[in-house]
Amino acid sequence: MFVQIETERTSTLYERVGGDPFFFALVERFYAAVEDDALLRPLYPADLARPRRRLALFLIQYWGGPHTYNAERGHPRLRMRHLRFPIGPTQRAAWLAHMRAAVESSDASASDAQALLSYFETAATSLMNRPA
Ligand code: HEM
């Protein structure tokens, strides 16, 4: 008897949203908003190309894509890398508002958008280093 074996593979969010281009576009929209934000803009370097690339590569890696971020930057150590920037509830809220808008204007499915948004909320909370 011939038995056909179905191999089941769970897809990653990275694959479902369309891979690298999704994350580069997301980060592009996010930084376009940061560019006009008087509270956040001064925290970033004059040239946003480097932060843009790093955030995109980090998210690609986090959501199941290639590990180029680690190859270029080593272990993320995000909390440590954010310590030199004052991040209180106001900065967190501003950062999240831009990221929420970027996610909501993407074509991710409702459940993938929800997964991205709840991840960003938790991550942004963990990076706070000032009470106010
Ligand atoms: C909560 C508000 C946040 C603020 C104000 C903030 C601000 C910054 C700033 C100023 C940099 C440095 C950019 C540079 O000099 O190249 C940076 C880097 C970075 N941020 Fe944030 N960030 C926030 C939240 C987040 C969150 C939630 C994530 C991830 C989900 C994130 C991921 C990153 C990454 C991956 C880098 C580059 C790290 C590296 O390789 O050096 N940030 N952030």
**Fill in**
With 0.36 nm assigned to each residue of separation and the Cα-Cα distance removed, S126 to D36 gains 29.9 nm
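Report the extension gain between R79 and R9 in nm, rounded to one decimal, defined as 0.36 nm multiplied by the number of residues separating them, less their alpha carbon distance.
On the way: separation 70, 0.36 × 70 = 25.20 nm, distance 3.30 nm.
The R79-R9 span can extend by a further 21.9 nm.
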**Asked** When Lys and Arg each count +1 and Asp and Glu each count -1, what net charge do the other residues less than 15 Å away from V17, Cβ to Cβ, add up to?
**Response** -4
**Taking N as its residue count, the alpha carbon Rg of the stretch 16-126 over 2.2 N^0.38 Å** = 1.02
**Asked** For A110 and Y44, FRET efficiency with R0 = 35 Å and r from the beta-carbon atoms, rounded to 0.05?
**Response** 0.70
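Just so you know, all these numbers are worked out from the coordinates, no wet-lab data involved. Quick caveat: nothing in here was measured; it's all calculated off a predicted structure. Cβ sites come from the backbone with ideal geometry, for glycine too, and all protein chains shown count toward neighbours.
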